[in-house]
Structures are given as C-alpha cells and as structure tokens.
Amino acid sequence: MEYEVAVIGAGVMGSSAAHYLAKEGRRTILIDQFPLPHTRGSSGGHSRITRQANYGSPALTPIMLDSNKEWHRIAEQAGIDLLRTSFPSNYKAVVDPSAGVLLADKCIQAFRKLYVNSGGTVLDNWPVTSIIPGDIIEIKGVQGKDIKVKNVVICPGPWFAPLLETLGLKFPVWAEKIGVFYWKIVDAKTPGFTFIDTSDGNHHFYALPDVEYPGYMKLCPHVGPMINPNERDKADMSRLLQQAQKYVANYFPCLESKPSVMESCMYTLTPDEAFILDRHPEHKNIVFAGGFSGTGFKIAPSCGEALARMAMGLDPKLDFSSFNFSRFTQQHVRSRL
Ligand SMILES: Cc1cc2nc3c(=O)[nH]c(=O)nc-3n(C[C@H](O)[C@H](O)[C@H](O)COP(=O)(O)OP(=O)(O)OC[C@H]3O[C@@H](n4cnc5c(N)ncnc54)[C@H](O)[C@@H]3O)c2cc1C
C-alpha cells in the first residue's frame with residue numbers, strides 16, 4: 001500500500017490531522033473534493049476569532065488552552081505569521097488578553113506546508129463517493145483509481161452527515177449558510193476590535209477588526225438558513241441582512257448602514273452546538289470529526305492531533321469524551337430528519 005492513512009477533507013481540521021500524522025512519520029494522503037484552495041467549505045476566508053475565555057462546555061477549556069499554545073508553535077515551525085493579538089490599550093470590555101484573530105487562510109497554508117514538508121501527499125479535486133470498511137479500507141472516488149489504507153480520518157465539514165451516512169451512521173447534524181458582511185468604517189477613530197454579543201439568544205452577532213479589507217469591519221450574525229451544502233448560494237439572506245443592518249444602526253454608528261462586501265460560509269451544527277470527535281463504533285480504524293457549530297477553527301490543532309493519535313491507535317492527549325456522538329439519542333436524530 002502506498003499510504004497508511006487517508007484524511008478526507010482538507011479544511012482546517014483535516015489539514016491539522018494530516019500534519020500531525022505526517023509529523024509522526026505516517027504515510028498520509030489528504031483528499032479534498034474541490035481544487036485547493038477553495039471557499040466552498042467552512043474554513044475559507046482570512047480571519048477567525050480565537051480566545052481562551054469559554055462560554056461553551058467546560059470540557060472545551062483545556063482543548064482551547066492547548067490549541068492556543070499550539071497555534072504559536074505552528075506559526076514558528078511554518079515561518080508564517082498566523083495570529084494577531086495586539087489590541088488597542090484603551091480597551092474597556094475585553095477580559096481575555098489571549099484572544100485575537102487567527103489568519104485563517106494562512107493557518108491552513110501553515111498546516112499544509114508542514115504536512116508536505118514531512119512527506120505528506122495532497123490529492124485535490126477528488127470527491128470521495130464511498131468508504132468501504134475493513135482491515136484494509138477502500139476509498140472510492142469518481143475519478144481514477146481507488147485508494148487503500150489501514151486507517152481513515154474523516155473531516156468533511158458541512159458534508160459530515162451525508163458522508164457518514166454512507167458508513168451506516170446517522171447524525172443530528174445540519175449545515176447553515178452564514179452571511180459574512182463587511183461594513184465600511186466611517187469614523188476613523190474607531191478602534192479595531194473583536195467582539196461577541198450573546199446578550200440576545202435570537203440575535204447573536206460577532207465582529208472582527210479590518211483584517212481582510214482595510215477600512216472595513218467584519219460583523220456577522222451567528223445564525224443562518226439551513227441548506228444543502230451543494231447548493232449554498234440558493235439560500236435567501238435578505239431577512240438576515242435586514243437584521244444585521246438594524247443591529248449596526250442601533251449599536252455601530254461608526255459603520256456605514258449597509259455592508260459594502262458580502263460573502264458567505266457554512267456552519268455545521270449539532271443540537272447542543274458542541275462538536276463530535278469519535279471512532280466508528282464497529283470499524284475502529286475509522287475516526288471522524290464534525291459539527292463544529294461555527295466555533296471550531298481555534299481548536300483545530302488539538303482536534304487534529306487527537307484525530308491523528310486515534311488513527312495511530314493511541315488515546316488523545318486530552319479528554320475528548322464529552323464530544324462522543326453517543327451523547328445523542330435516536331430522538332435527536334429523528335428530530336433532524
Ligand atoms: C462565517 C464563519 C465564521 C466563523 N468564525 C469562527 C471564529 O471566529 N472562530 C472559530 O474558532 N471558528 C469559526 N468558524 C468555524 C470554523 O471556521 C469551522 O468550525 C472550521 O473551519 C471547520 O473546519 P472543517 O475542516 O471541519 O470543515 P471544512 O473547512 O468545511 O472542510 C471540510 C472539507 O471536506 C471536503 N469534503 C467534504 N466532503 C468530501 C468528499 N466526499 N470527498 C472529498 N472531500 C470532501 C470539503 O470540500 C472541505 O474542503 C466560523 C465559520 C464560518 C463559516
């Protein structure tokens with residue numbers, strides 16, 4: 001066999017897992033359905049919030065701390081600047097001095113650079129159509145020869161539910177389209193800042209400083225319409241755009257009232273908005289992660305390393321047991337079908 005491990009999905013999670021596998025000397029192939037880089041998954045774009053302050057499950061705290069350290073190490077090893085933590089000294093509301101902006105596209109570039117430097121192979125534009133379990137797993141795609149490996153790591157982002165269903169697993173996981181809006185800063189004195197407003201359960205907004213487009217702040221709703229990931233841009237975003245405009249008019253007079261640039265991305269949601277990282281119950285050589293619910297980027301180093309260790313037959317370094325899929329009942333699954 002040419003490869004020992006295949007990683008399906010070259011977003012931030014798959015790229016991270018592939019990096020840690022190759023670093024341990026495993027002959028690895030990283031596969032993606034689209035030509036790389038692309039913006040059709042969840043990891044596209046230039047920026048993501050990272051922080052150590054945790055408003056999710058307590059089990060996430062050690063994972064966030066570990067990833068935060070690891071991002072600094074990856075930046076150093078890859079020789080790429082990945083993190084902006086310097087904020088204005090006149091901040092009044094920030095309680096997490098470690099928080100900042102991860103340069104998302106560069107983070108993926110860093111993982112892939114380290115992966116390829118360690119001898120890893122990338123196969124893009126190669127949609128996986130089926131995964132046939134066994135001691136030797138066969139991976140079939142629409143193009144060319146099948147790939148045979150001993151272990152598979154599956155990180156397909158918004159395609160999580162349909163791909164895992166081909167392995168007999170049904171998950172209460174769905175994809176949403178998220179509007180990514182950039183608003184022109186009209187008041188030059190506006191400080192660049194990272195911001196999350198969870199005060200209203202229905203209108204959770206977040207903002208990042210003008211990293212992508214100088215002079216334009218990124219401010220987005222943390223919710224969107226449910227979609228088929230293959231038809232993302234058919235979804236109508238006009239109601240969410242109106243809500244975002246109202247929010248900006250109420251709270252951000254320093255911004256223009258309409259966004260100048262509109263992009264989109266996808267979240268993969270679970271009922272409790274916590275991710276899934278686990279093994280196939282019957283085929284232990286198949287591991288997977290998904291359902292990161294719009295908050296997974298920052299923890300990609302720890303999740304990737306955990307997946308790599310599991311694919312090598314080891315336990316994860318940190319405790320991921322809160323993120324097993326056994327926490328979901330048939331009732332959860334039925335309610336999403
Ligand atoms: C607008 C937006 C803002 C966000 N903000 C933050 C933030 O501030 N902080 C934070 O921590 N997180 C944030 N997130 C969440 C974070 O970006 C995601 O959790 C993370 O990128 C998920 O990565 P992934 O690798 O699981 O999925 P993806 O990036 O979607 O990667 C999955 C890959 O699998 C491939 N694939 C799927 N099916 C197949 C197949 N059959 N064959 C081959 N390849 C396949 C896809 O093409 C894709 O490249 C945000 C997400 C969005 C959309």
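Listed values for region 68-73 are Karplus-derived 3J(HN,Hα) couplings in whole Hz (6.51 cos²θ - 1.76 cosθ + 1.60, θ = phi - 60°), namely 4, 5, 5, 4, 5, 5, and x replaces Gly and Pro. Three principal axis extents of the chain based on alpha-carbon atoms, in descending order, are 61, 44, 38 Å. Close amide H partners of I178, meaning residues 5 or more places away or on another chain with modelled amide H under 5 Å apart, are C265, M266, Y267.
Treating the angle as unsigned and between 0 and 90°, give the value, to the nearest 10°, between the Cα long axis of helix 104-117 and the longest Cα principal axis of the chain. Orientation of helix 104-117: about 30 degrees from the principal axis.
I need the calculated FRET efficiency for the pair D197 and L65, taking r as the beta carbon distance and R₀ as 22 Å, to the nearest 0.05. Before the final figure, lay out each step's value.
Working: r = 24 Å, r/R0 = 1.09.
According to the calculation, E is roughly 0.35.
For the chain, a Gaussian network of Cα nodes joined below 10 Å ranks K148, K317, K184 by mean-square fluctuation, and the top entry is K317.
The lysines whose alpha-carbon is closer than 24 Å to the alpha-carbon of K140, local same-chain residues fewer than 8 away aside, are K148, K150, K170, K284. Under 5 Å from the amide H of W126 lie the amide H atoms of D32, Q33, F34, each residue being 5 or more positions distant or on a separate chain, with H modelled from the backbone and absent for Pro and chain starts. Please say if region 196-251 is rounded, prolate or oblate, where rounded means a/c under 1.5 for a ≥ b ≥ c the square roots of the C-alpha gyration tensor eigenvalues, and otherwise the choice is prolate for a/b larger than b/c and oblate otherwise? Because a/c hits 1.5 or more and a/b fails to exceed b/c, region 196-251 counts as oblate. GNM on the chain, C-alpha springs below 10 Å: top fluctuator among E212, E282, E76? Its mean-square fluctuation being the largest, the pick is E282. Amide H contacts for L83 (H built 1.01 Å from N in the peptide plane; partners 5 or more residues away or on another chain; cut-off under 5 Å): L103. Computing FRET efficiency as 1/(1 + (r/R0)^6) for D146 and D272, where r is the C-beta to C-beta distance and R0 is 30 Å, gives about 0.25.
Placing a label point 7 Å from the Cα of S335 along the Cα-to-Cβ direction, the residues of region 263-288 with a backbone N closer than 19 Å are 268-276.
Starting from the Cα-Cα distance between T85 and A53, subtract it from 0.36 nm times their residue separation and give me the gain in nm to one decimal.
On the way: separation 32, 0.36 × 32 = 11.52 nm, distance 1.41 nm.
The span from T85 to A53 would gain 10.1 nm if fully extended.
Could you work out which residue, out of G100, G192, G56, moves most in a Gaussian network model of the chain, that is, has the largest mean-square fluctuation with Cα springs under 10 Å? Maximum fluctuation in the GNM of the chain, among the listed residues, is at G56. 3J(HN,Hα) couplings calculated from phi for region 261-276 with the Karplus curve 6.51 cos²θ - 1.76 cosθ + 1.60 (θ = phi - 60°) are, in sequence order, 10, 10, 10, 8, 8, 10, 9, 10, 9, 10, x, 9, 6, 10, 7, 10 Hz; Gly and Pro show x. Annotation: extensible slack from E76 through M226 equals 50.2 nm (criterion: 0.36 nm per residue apart, minus Cα-Cα distance).
Bear in mind that the values in this text are calculations on the coordinates, not laboratory data. What you see is a predicted model; the values in this text were computed from it and never measured. Reconstructed Cβ throughout: ideal geometry from the backbone, glycine too, with neighbour counts over all protein chains shown.
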